[in-house]
Amino acid sequence: MMALVPFAPVHFTPLLGWFPSHADLVQWGGPLLEFPLSHGQLERMLAEGRSDPPARLCWTAVFDGELAGHVQLAFDWRNGNVVLGRVAIAPEMRGRRLAGRMIALAIDKAFGFQAIERLELNVFTWNTPAIRTYEALGFTLEGVRRASARVEGERWDTAIMSLLRTELSRATAPYAGG
């Protein structure tokens, strides 16, 4: 059974080990994070959740009692939007088809707030396994921001995908039951 528990400092050290290179960190957290990922950066993410309403919420995914992943939601309350981001499965848990379950739970968290009408995400266009998972969960490709991130001398394109509250009935069906 998959569950999301609030991300806490006890989860920092395992998460720090998931991104051994600058490119791995950018793939997870975007181009604005500093490599190597630090306790300070993670604490700042947690601090964004202490506002009222929260600017960001972070969770650790637990599968059968083991730390399995991480996911975050960043809120735009004024417009009723939330960005799904910083999605990762623990390296030792990969290949078990856990990402879809974790993201389905995050979708439920996002739309559990009545003010939220739109959930969006950014994913690098070369990350086809993630894109397939998002599509299976009901996300729609809206467009591509070409050459939007500079990573180690390369330019990466970013796909923008979204899911609306009105589309929820088709969203999490493939992953029902945890």
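The values are calculated or read from the model by the stated rules, or taken from the named source; none is laboratory data. Because the structure is predicted, anything quoted here is derived from the model rather than measured. Neighbour counts run over all protein chains shown; Cβ positions are idealised from the backbone, glycine included.
Structure summary
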| item | result |
| --- | --- |
| Which listed residue is assigned to a loop (DSSP other than H, G, I, E, B), over 19 Å from D24 (Cα atoms) and within 17 Å of the chain's Cα centre (by Cα), from R101, R97 | R97 |
| For L164: the one exception among (1) surrounded by fewer than 12 Cβ atoms within 10 Å (Cβ to Cβ); (2) at pLDDT 95 or above | (1) |
| Where A68 falls short, out of the listed (1) in contact with a strand residue (DSSP E or B) (Cβ under 9 Å, 6 or more places away or on another chain); (2) over 23 Å from P14 (Cα atoms) | (2) |
| Residue check, T140 hydroxyl-bearing (S, T, Y) and either closer than 19 Å to G49 by Cα or loosely packed, with under 15 Cβ neighbours inside 10 Å (or both) | yes |
| Helices (runs of 4 or more DSSP H) completely within region 11-50 that count 1 or more residues being surrounded by 17 or more Cβ atoms within 10 Å (Cβ to Cβ) and small (G, A, S) | 22-29 |
| Residues that are surrounded by fewer than 19 Cβ atoms within 10 Å (Cβ to Cβ) and either in a loop (DSSP other than H, G, I, E, B) or touching a residue at least 60 places away in the same chain (Cβ under 8 Å) (or both), drawn from region 67-94 | W77, R78, N79, G80, P91, R94 |
| D64, sole failed condition from (1) touching a residue at least 24 places away in the same chain (Cβ under 8 Å); (2) over 13 Å from the mean Cα position of the chain (by Cα); (3) surrounded by fewer than 18 Cβ atoms within 10 Å (Cβ to Cβ); (4) under 23 Å from L163 (Cα atoms) | (4) |
